[in-house]
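Inspection log for the structure reproduced underneath, given as structure tokens.
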Amino acid sequence: MLHLLDQSADALRAWFTGHGEREYRAGQVLKWLFEKRASTFEEMTDLPKPLRDALAADFRIFASSIATHRHAADGTEKLLLELADGHRIECVLIREHARRTICISTQVGCAMGCVFCASGLDGVVRNLTTGEIVEQMLQLARLLDADDRLSNVVVMGMGEPLANLAALLPALEIAASPTGLGISPRRITISTVGLPPAIDRLTADKHQYHLAVSLHAPNDALRNQLVPVNKNIGIQEILAAADRYFEASGRRLTFEYVLLGGLNDQPSHARQLAALLKERAALLNVIPYNPVAGLPYQTPSEAARERFTEILTRAGVNVQVRLRKGDKIDAACGQLRRSLVQQAAGVSQPVTPHRA
Ligand code: SF4
């Protein structure tokens, strides 16, 4: 059986013509999926019954099931989805005023090895398919009231999105398409540790997605320790690729900086970071770290955080401290999956997030 959400609109139209049907039927199916959030072909009542049966014989709509569903008091909801092969991924719905933001995963695990991250602790297992990425969006949309709509997508869950562009880009096209979720590309954020060739591909393809680069350190020596993949790249290469994206897209860049107590939160770090960012049209998101069980990293003190942000602000950097959402439900990437795996293995200590 094929995964319906893995099919392009062209492939779906071809299926209908191959079954002696008119192409517009594909549009009807897409409307049922993305507008009316149907989960079965039976619900698609403007399709003739034999056609619904033929679709059900060839396709499944959802290839995953909800293994765990958690709610936080602030309206955040988190799903742990079990994929067809038994692997588990996480996705989150964040309600904030009128915004309905979803955070989605692109890989099972992650190969980037950021030392403070729950997702990367066990390495990468595999890339997600386009259908598995779209499915997270639909599963989260189905948590909303019928008259409520998703407004923003951040690709900031498990995995390095730019390491799986082949599956991600078609999924984001569906998110942005009027026949898909209809979310403006300008409300879609791709978060990356910074892979210059992949950033250059986004630039060359003239995408309008918002790019968020996770720096986490203001110099290569420290970044090599915190984000090991940096050893093969280097901050200047990443900044240069990000600048090219900015020049081509006109989209202001965001830089992410997880603030680790006593490690990258010193005034000297703030000054180095200011020197890197002050001439750039960029927003800096500072994310105070939340400890992960078994890892030696600490939350920064409030005084250190204030000193850090003040130095940057004084230097002219646009800084924002990002509040964590859904802490009580392990809302950071990789965290719920890992805490459940640990529970199953009899490890009782709670796992907490690496980023907001
Ligand atoms: S922080 Fe992101 S890029 Fe780094 S290991 Fe975790 S999921 Fe991968």
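Rounded to the nearest 10 square angstrom, Ser39 shows an accessible area of 40 square angstrom against a 1.4 Å probe. Here the sum of -39500 (n - 2.57) over DSSP H runs of 4 or more residues, divided by the residues of the chain, equals -9500 deg cm²/dmol at 222 nm, to the nearest 500. Summary value for the chain: 15 percent relative contact order, contacts being C-alpha pairs under 8 angstrom separated by 6+ residues.
The 3J(HN,Hα) values that the Karplus relation (6.51, -1.76, 1.60; θ = phi - 60°) gives for segment 296-302 are, in residue order, x, 9, 10, 5, x, 5, 5 Hz. Gly and Pro appear as x. Magnitude of the charge dipole for segment 108-211, about its Cα centre and with charges confined to Cβ atoms of Lys, Arg (+1) and Asp, Glu (-1), is about 200 debye.
Under the simplified labelling scheme, the Gln208-Glu43 pair shows an inter-label distance of 3.0 nm, with each label point 7 Å from Cα along Cα→Cβ.
Building the convex hull from the alpha-carbon atoms of the chain and averaging its projection over directions returns 18.0 nm². The peptide list 288-295, 7-14, put in order of mean Cβ contacts within 10 Å with the highest first, becomes 288-295, 7-14. Per-residue Karplus couplings for segment 59-75, computed as 6.51 cos²θ - 1.76 cosθ + 1.60 with θ equal to phi - 60°, are listed in order as 10, 10, 7, 9, 9, 10, 10, 7, 7, 8, 10, 10, 10, 10, 4, 7, x Hz, Gly and Pro entered as x. Here's how it looks for His87: its modeled amide H is under 5 Å from none belonging to a residue 5 or more places away or on a different chain.
When both segment 287-310 and segment 236-250 are represented by their alpha-carbon centers, they are found 28 Å apart.
With 32 Å as the limit on Cα-Cα distance, the pairs of Lys231/Lys278; Lys49/Lys78; Lys49/Lys206 that go past it are Lys49/Lys78; Lys49/Lys206. With the alpha-carbon atoms of segment 42-166 aligned to their principal axes, the span from lowest to highest coordinate is 54, 35, 25 Å, starting with the largest. Using Cα centres only, tell me the gap between segment 143-197 and segment 30-66 in whole Å. Going from one Cα centre to the other spans 23 Å.
Would you kindly find the accessible area of Ile66, with a 1.4 Å probe and non-protein molecules such as ligands, DNA and RNA excluded, rounding to the nearest 10 Å²? Approximately 80 Å² for this residue. Scanning residues 5 or more positions from Arg100 or on other chains, those with amide H under 5 Å from its amide H are Ser151, Asn152, with H placed 1.01 Å from N in the peptide plane.
Taking one quarter of the surface of the C-alpha convex hull of segment 59-115 gives a mean projected area of 5.8 nm². Gain on full extension, evaluated as 0.36 nm per residue between Asn318 and Ala56 minus their Cα-Cα distance, stands at 89.2 nm. With an a/c value of 1.5 or above and a/b larger than b/c for the gyration tensor axes a ≥ b ≥ c computed over the alpha-carbon atoms, segment 175-236 is described as prolate. A simple rule links phi to the HN-Hα coupling: the Karplus curve 6.51 cos²θ - 1.76 cosθ + 1.60 with θ = phi - 60°, which for segment 221-234 gives 4, 6, 5, 4, 6, 7, 10, x, 4, 4, 4, 8, 10, x Hz, with x for Gly and Pro.
Across the protein chains, with a 1.4 Å probe defining accessible surface, the residues Glu82, Glu35 rank Glu35, Glu82 from largest area downward. Annotation: amide H of Val125 within the under-5 Å range of Val108, Gly109, Cys110, sequence separation 5 or more or interchain, hydrogens built in the peptide plane.
The values are calculated or read from the model by the stated rules, or taken from the named source; none is laboratory data. A quick note: this is a predicted structure, and the numbers were derived from the prediction, not measured. A quick note on method: Cβ atoms are made from the backbone with ideal geometry, for glycine too, and the neighbour counts reach across all protein chains shown. The area values use the complete protein model at the heavy-atom level, side chains included, leaving out ligands, DNA and RNA. Shrake-Rupley method; radii C 1.70, N 1.55, O 1.52, S 1.80 Å.
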